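Novice: Input: one structure, supplied below.
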Amino acid sequence: MPGEQLTSVWQAIHNQDGPDSVTINKEILKWFLAKASSRYESIQFSERKLFDTFSEPTIEFSDFKAYVKKNIREPGVAFSKSCSDLEDLSWSILKSGIKSKLETGDVYKLWCITNRLMDEDTYPPVIFREDASWLLDKILANLGHNLKSSDDVFSKDKFTFQEMLSIMEDFAFSNTSQQQINTCIDGLYMWLVVEVMRKGKVYKRTKKQANWTNWVKRWCVLTPQCLRYYSSDNDSNQKGEFTFIKHTKIESLEMYSGFMKNLKGRFRLANVPMLEMEIAVDDETVKRAWLSDLEEIVQCVRDKTTPVQKLLKERHLKNMEKRNKKNGTTKQEEDIDSALNKTKLRADAQTKKHVFNTSIEIVEPEKETQQKSPSLEKESTEKIKAMFMKIDTNGNGQLDKNEFADFLQGLGLNMSEKESNLVFNSVDTNKSEQICFEEFQIYFCNHVMNETETAECVNVMRKAFLEADRDGSGTLNFREFTEYVWEKNRNANMSKILKSFSNVSTDEISFEDFEKLVAGSGAEVFAPILEEEIEQGTDSSLDDFQGRLQKVYDDTEANELTTYIRQRWNKFASFRRAGKTGSVVMTGGHGMVADIVPGQYSLIDLACFSDLPPLVPKHKVVKDAQWLSSTISGKSGKIIFPLEFDKHIPTEQATSELLRYYGCSFADSQQEQISLLFRHGIQDFTYENGYLEKYVTATNGGAGIEKHDFSHLDCPLSEDSGFFILAKFVDNGDFHITAFRLPVRHTLYCPGGVIHCNDYLKGTWRTMLSDETDIDHVHLTHIIEEGHEEKFRFEFT
């Protein structure tokens with residue numbers, strides 16, 4: 001499991017304490033952690049916390065790992081980062097005492113590899129014979145010594161790193177060239193330590209805000225945490241990454257056939273709704289290999305481990321079992337099975353599939369994923385807003401060209417007026433000659449924070465436009481257009497160039513026209529030019545602008561906005577009104593809830609106050625309710641309510657806040673996009689007087705509640721519309737239920753799976769429903785005495 005490299009700390013402490021020590025020396029551990037705290041920002045150390053945590057004379061390694069995770073990690077730092085820093089400090093302590101003929105870099109990598117194999121229950125940590133033999137066999141295979149066997153090399157059962165290193169030098173690396181040694185060790189290091197699962201050049205494109213970027217060729221590196229992509233295979237110029245997070249989906253796709261490219265081996269990665277990525281590899285065989293690795297990553301993310309850690313843990317368990325049997329220790333089969341279940345190690349958990357659609361659910365107590373929490377998103381927005389305030393020197397909530405030019409100059413950018421105007425116009429999407437905060441935020445998020453091919457392509461297009469605009473007019477005429485294309489692509493067909501420009505409605509094209517042309521009729525002409533520019537990388541003041549904008553963001557503190565707002569609205573915060581007698585009858589709050597700059601807003605965005613706690617509707621809590629679905633299609637089951645249930649449920653006037661408790665909302669207050677998985681119809685239904693008594697009770701077997709996979713829309717068209725009942729089972733098994741009155745012409749959205757009931761409706765309702773799934777309907781059944789049940793109807797309080 002994560003943290004196995006912390007065995008290096010045990011090695012370092014043993015090195016300082018002496019060869020005869022058999023338990024951890026707490027004073028040396030204190031010295032080590034204090035040294036780590038002073039050297040690394042990822043470590044915070046409290047002596048009191050150390051001795052409070054470890055009050056017993058001995059320290060178990062598993063307890064030390066938990067201590068590192070909970071007590072000495074700086075808040076917000078990934079556990080893996082703290083572990084790596086402690087391993088780095090351990091190496092600096094140990095390296096001078098290690099004797100080897102190998103290069104220092106190779107020794108370090110071998111040491112890191114063995115740290116993953118060290119037994120965590122020994123002090124000092126040692127490698128047992130089985131793991132040592134496994135590693136040596138891997139080294140021999142990497143060196144091509146397939147005929148050699150390590151079976152007879154090991155004369156005892158366990159080894160220190162120095163002993164293991166000497167064996168590897170004598171048996172595997174003697175009479176081997178330095179290049180072979182480097183390649184062998186580096187390969188194992190990348191697999192076992194860095195955990196690179198796959199590398200290679202692929203075509204990829206990204207979908208963001210409903211638009212797909214152009215296909216570009218990228219060098220991709222797949223690890224258990226993320227897929228990183230680079231402009232070249234030297235891994236130095238990273239262009240971005242796709243992080244495996246909650247709700248990641250993996251899906252096989254058919255071959256891509258487009259106007260310019262025909263790509264095989266295509267598959268999709270998606271963090272819906274934030275990011276989608278499509279990848280195309282050489283053929284179906286390579287695709288299956290990628291999907292196999294991705295499926296394994298998906299399984300491991302769920303278990304909070306990695307494929308390599310899973311493999312090593314499985315080896316440890318198997319070797320421990322062998323050693324126990326060898327020593328005569330008996331182990332019950334159920335104990336072994338329990339251990340395997342706890343670590344979720346199954347060698348063949350699933351048959352490899354060609355098509356995946358996997359939703360990952362991760363328990364995230366340490367929040368180590370890259371997905372932003374609501375608090376981080378809020379902090380990010382506040383920092384961007386604080387940046388905007390700095391640029392908006394006159395405080396009117398709009399940036400004009402002079403303010404923008406002053407800001408660029410303040411960044412130290414030597415931009416021409418043409419370049420400055422081009423960037424300004426890119427941000428000013430509504431062409432009002434003013435940049436509002438929303439435009440600034442969208443630009444910053446799309447082109448600076450979330451680096452994607454969209455931003456990269458736009459940068460390249462800007463550079464191309466500026467280069468083509470030789471007279472500096474801010475537009476391209478036909479001559480400039482054709483000369484630029486011909487200079488960049490001598491193979492371009494002149495008739496296609498002419499056709500591209502002829503589709504433009506004006507004689508002079510702006511940058512916006514140029515963008516549309518490149519994405520449309522000019523794609524075939526411009527795609528090779530832009531792809532080559534992207535491959536070579538862009539180096540212009542436009543890129544420099546985005547880099548420096550990112551630095552301003554990084555240097556901006558989120559509390560700067562709070563300070564600014566406090567000063568801006570100080571008179572409201574200190575607001576007081578006194579009555580005739582002098583007593584205070586009205587006061588301002590301690591701080592502004594929000595600061596709204598001029599711009600266009602939807603009312604729902606203005607009125608969603610995220611700082612307020614959620615409201616809970618009045619509801620009946622029913623304990624031990626049993627939902628018994630029918631196994632016969634078209635027939636109702638039953639829900640059994642206990643003896644103490646009095647049949648009464650509370651009523652509420654429906655609001656979006658109260659409906660949200662049951663996963664519902666008013667449709668006309670929702671901005672979210674929803675997916676309808678089935679065909680639906682919308683129709684008006686009228687519930688006449690006596691519907692409950694004459695049909696539900698007398699004809700349909702009694703009142704009930706239901707759930708199904710399709711969604712509902714329910715809109716009362718009459719004032720007296722009765723009660724719409726919503727219910728849910730909560731985590732502890734209790735059943736909560738409320739009867740809602742809906743205001744006339746307010747449309748309730750009830751997603752699939754929500755428990756509800758329309759037996760108590762009156763008047764006319766406009767309803768959206770579907771006939772494409774079964775309905776899990778259950779009759780209300782009440783235990784009236786031990787062993788006796790009866791059907792009943794709800795009563796309302």
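The values are calculated or read from the model by the stated rules, or taken from the named source; none is laboratory data. What you are looking at is a predicted structure, and each value in this text was computed from that prediction instead of being measured. Neighbour counts run over all protein chains shown; Cβ positions are idealised from the backbone, glycine included. SASA here: full protein model, heavy atoms, side chains in, ligands and nucleic acids out. Shrake-Rupley method; radii C 1.70, N 1.55, O 1.52, S 1.80 Å.
Novice: So in the stretch 264-296, with the set limited to residues that are in contact with a Ser or Thr (Cβ under 8 Å, 6 or more places away or on another chain) and part of a helix (DSSP H, G or I), which one is farthest from Leu6 (Cα to Cα)?
Specialist: Looking at residues that are in contact with a Ser or Thr (Cβ under 8 Å, 6 or more places away or on another chain) and part of a helix (DSSP H, G or I), I get Lys287.
Novice: All but one of (1) of a type in the set (A, V, I, L, M, F, W, C); (2) within 22 Å of Asp121 (Cα to Cα); (3) open to solvent by 20 Å² or more (accessible area, probe 1.4 Å); (4) in contact with a Leu (Cβ under 9 Å, 6 or more places away or on another chain) hold for Ala66; state the number of the condition that does not hold.
Specialist: (4)
Novice: Another question, then. Checking Ile725 against (1) more than 19 Å from Ala654 (Cα to Cα); (2) not in a loop (DSSP other than H, G, I, E, B), which single condition isn't satisfied?
Specialist: Going through the list (1) more than 19 Å from Ala654 (Cα to Cα); (2) not in a loop (DSSP other than H, G, I, E, B), Ile725 breaks only (1).
Novice: Does Gly722 count as open to solvent by less than 80 Å² (accessible area, probe 1.4 Å) and closer than 25 Å to Ile632 by Cα? Give the steps one after another, and end with the answer.
Specialist: Values: open to solvent by less than 80 Å² (accessible area, probe 1.4 Å): yes; closer than 25 Å to Ile632 by Cα: no.
For Gly722, the condition - open to solvent by less than 80 Å² (accessible area, probe 1.4 Å) and closer than 25 Å to Ile632 by Cα - is not met.
Novice: If you scan the stretch 59-99, which residues turn out to be more than 17 Å from Ile13 (Cα to Cα) and in contact with a Lys or Arg (Cβ under 7 Å, 6 or more places away or on another chain)?
Specialist: Asn71, Phe79, Ser82
Results for (1) among the β-branched types (Val, Ile, Thr); (2) free of Cβ contacts under 8 Å to residues at least 40 places away in the same chain; (3) surrounded by 14 or more Cβ atoms within 10 Å (Cβ to Cβ); (4) not in a strand (DSSP E or B), shown as yes or no for each residue.
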{"site": "Tyr749", "(1), (2), (3), (4)": "no, no, yes, no"}
{"site": "His756", "(1), (2), (3), (4)": "no, no, yes, no"}
{"site": "Asp759", "(1), (2), (3), (4)": "no, no, yes, yes"}
{"site": "Arg766", "(1), (2), (3), (4)": "no, no, yes, no"}
{"site": "Glu772", "(1), (2), (3), (4)": "no, no, no, yes"}
{"site": "His777", "(1), (2), (3), (4)": "no, no, yes, no"}
{"site": "His782", "(1), (2), (3), (4)": "no, no, yes, no"}
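Novice: What do you reckon, is Arg745 basic (Lys, Arg), free of Cβ contacts under 8 Å to residues at least 60 places away in the same chain and surrounded by fewer than 20 Cβ atoms within 10 Å (Cβ to Cβ)?
Specialist: When the stated conditions are applied, Arg745 passes them.
Novice: If Met255 meets every condition in (1) crowded, with 16+ Cβ neighbours inside 10 Å; (2) modelled with pLDDT of 85 or more; (3) more than 19 Å from the chain's Cα centre (by Cα); (4) on the phi < 0 side of the Ramachandran plot apart from one, which number is that one?
Specialist: Result: Met255 passes all but (1).
Novice: While we're here: Limited to the stretch 164-204, what total is found for residues that are at positive phi and either part of a loop (DSSP other than H, G, I, E, B) or hydrophobic (A, V, I, L, M, F, W, C) (or both)?
Specialist: Matching residues across the stretch 164-204 total 2.
Novice: Now a separate question. Can you work out which of the residues in the stretch 401-434 that are among the small types (Gly, Ala, Ser) and open to solvent by 30 Å² or more (accessible area, probe 1.4 Å) is farthest from the chain's Cα centre (by Cα)?
Specialist: Ranking the qualifying residues of the stretch 401-434, first place goes to Ser416.
Novice: Would you call Asp88 part of a helix (DSSP H, G or I), under 17 Å from Lys35 (Cβ atoms) and not small (Gly, Ala, Ser)?
Specialist: yes
Novice: What's the number of the condition Glu719 fails, among (1) closer than 27 Å to Ile640 by Cα; (2) in contact with a strand residue (DSSP E or B) (Cβ under 8 Å, 6 or more places away or on another chain)?
Specialist: For Glu719, the exception is condition (1).
Novice: Hey, another quick one. Can you tell me which residues in the stretch 462-496 are at pLDDT below 70, in a loop (DSSP other than H, G, I, E, B) and loosely packed, with under 13 Cβ neighbours inside 10 Å?
Specialist: Within the stretch 462-496, Arg490, Asn491, Asn493 qualify.
Novice: I'd like the full set of residues that are open to solvent by less than 70 Å² (accessible area, probe 1.4 Å) and polar (S, T, N, Q), limited to the stretch 1-22.
Specialist: Gln5, Thr7, Ser8, Gln11, Ser21
Novice: With the requirement that a residue be in a loop (DSSP other than H, G, I, E, B) and either in contact with a strand residue (DSSP E or B) (Cβ under 6 Å, 6 or more places away or on another chain) or surrounded by 12 or more Cβ atoms within 10 Å (Cβ to Cβ) (or both), what does the stretch 731-742 give you?
Specialist: Selection gives Asp734, Leu742.
Novice: May I pose another question? Could you figure out which of (1) of a type outside the set (S, T, N, Q); (2) part of a helix (DSSP H, G or I); (3) buried (at least 18 other Cβ atoms within 10 Å of the Cβ) isn't true of Leu311?
Specialist: (3)
Novice: Go through the residues of the stretch 264-287 one by one and say whether even a single one is open to solvent by less than 50 Å² (accessible area, probe 1.4 Å), among the polar types (S, T, N, Q), modelled with pLDDT of 85 or more and touching a His at 6+ places or on another chain (Cβ under 8 Å).
Specialist: No, because not a single residue in the stretch 264-287 is open to solvent by less than 50 Å² (accessible area, probe 1.4 Å), among the polar types (S, T, N, Q), modelled with pLDDT of 85 or more and touching a His at 6+ places or on another chain (Cβ under 8 Å).
Novice: In the stretch 647-668, how many are surrounded by 17 or more Cβ atoms within 10 Å (Cβ to Cβ) and either in a strand (DSSP E or B) or in contact with a helix residue (DSSP H, G or I) (Cβ under 8 Å, 6 or more places away or on another chain) (or both)?
Specialist: Number satisfying all stated conditions: 5.
Novice: Mind checking which residues of the stretch 292-303 are under 19 Å from the mean Cα position of the chain (by Cα) and of a type outside the set (Asp, Glu)? It would help to see each step written out before you state the result.
Specialist: To start, the set of residues in the stretch 292-303 that are under 19 Å from the mean Cα position of the chain (by Cα) comprises 293-303.
Passing the criteria: Leu294, Ile297, Val298, Gln299, Cys300, Val301, Arg302.
Novice: Also: Within the stretch 205-235, work out how many residues are part of a loop (DSSP other than H, G, I, E, B), over 22 Å from the mean Cα position of the chain (by Cα) and either modelled with pLDDT of 75 or more or under 27 Å from Arg302 (Cβ atoms) (or both). Spell out how you get there, then give the answer.
Specialist: Step one: list which residues in the stretch 205-235 are part of a loop (DSSP other than H, G, I, E, B), which gives 209-210, 213-215, 223-225, 231-235.
The next check asks that each one be over 22 Å from the mean Cα position of the chain (by Cα); those that pass are 214-215, 231-235.
Imposing the further condition that a residue be either modelled with pLDDT of 75 or more or under 27 Å from Arg302 (Cβ atoms) (or both) reduces the set to 214-215, 231-232.
Qualifying residue count, the stretch 205-235: 4.
Novice: Check whether at least one residue in the stretch 693-706 is open to solvent by less than 10 Å² (accessible area, probe 1.4 Å) and either under 38 Å from the mean Cα position of the chain (by Cα) or of a type in the set (S, T, N, Q) (or both), and report yes or no.
Specialist: Taking every residue of the stretch 693-706 in turn, at least one turns out to be open to solvent by less than 10 Å² (accessible area, probe 1.4 Å) and either under 38 Å from the mean Cα position of the chain (by Cα) or of a type in the set (S, T, N, Q) (or both).
Novice: Now for a separate question. Can you tell me which of Cys112, Cys184 is open to solvent by less than 30 Å² (accessible area, probe 1.4 Å), farther than 27 Å from Trp10 by Cα and at pLDDT 85 or above?
Specialist: Exactly one residue qualifies, and that residue is Cys184.
Novice: In the stretch 23-44, how many residues are outside any helix (DSSP H, G or I), over 30 Å from the mean Cα position of the chain (by Cα) and over 26 Å from Arg315 (Cβ atoms)? Steps first, answer last, please.
Specialist: So in the stretch 23-44, the residues outside any helix (DSSP H, G or I) come out as 23-25, 40-44.
Within this subset, residues satisfying the condition of being over 30 Å from the mean Cα position of the chain (by Cα) are 23-25.
Keeping just the survivors that are over 26 Å from Arg315 (Cβ atoms) gives 23, 25.
So the answer is 2.
Novice: Something else about it: Looking at the stretch 381-399, I want the residues that are of a type in the set (Lys, Arg) and have a partner that is part of a helix (DSSP H, G or I) with Cβ atoms under 8 Å, at least 6 apart or on another chain. Which pairs are those?
Specialist: Filtered contacts from the stretch 381-399: Lys383/Tyr553; Lys383/Glu560; Lys383/Leu561; Lys385/Phe437; Lys385/Gln441; Lys385/Leu561; Lys390/Phe407; Lys390/Val552.
Novice: Could we say that Lys99 is of a type in the set (Lys, Arg), open to solvent by 90 Å² or more (accessible area, probe 1.4 Å) and not in a helix (DSSP H, G or I) here? Please lay out each step first, then the result.
Specialist: On the way: of a type in the set (Lys, Arg): yes; open to solvent by 90 Å² or more (accessible area, probe 1.4 Å): yes; not in a helix (DSSP H, G or I): yes.
Yes, satisfied.
Novice: Spot the failing condition for Gln238; the list is (1) at pLDDT 85 or above; (2) surrounded by fewer than 16 Cβ atoms within 10 Å (Cβ to Cβ), and only one is missed.
Specialist: (1)
Novice: Sticking with this structure for a sec: Among the residues of the stretch 751-768, write down those that are of a type outside the set (Ser, Thr, Tyr) and modelled with pLDDT of 90 or more. Full working, then the answer.
Specialist: Going through the stretch 751-768, the residues of a type outside the set (Ser, Thr, Tyr) turn out to be 751-759, 761-763, 765-766, 768.
Residues satisfying the conditions are Val754, Ile755, His756, Cys757, Asn758, Asp759, Leu761, Lys762, Gly763, Trp765, Arg766, Met768.
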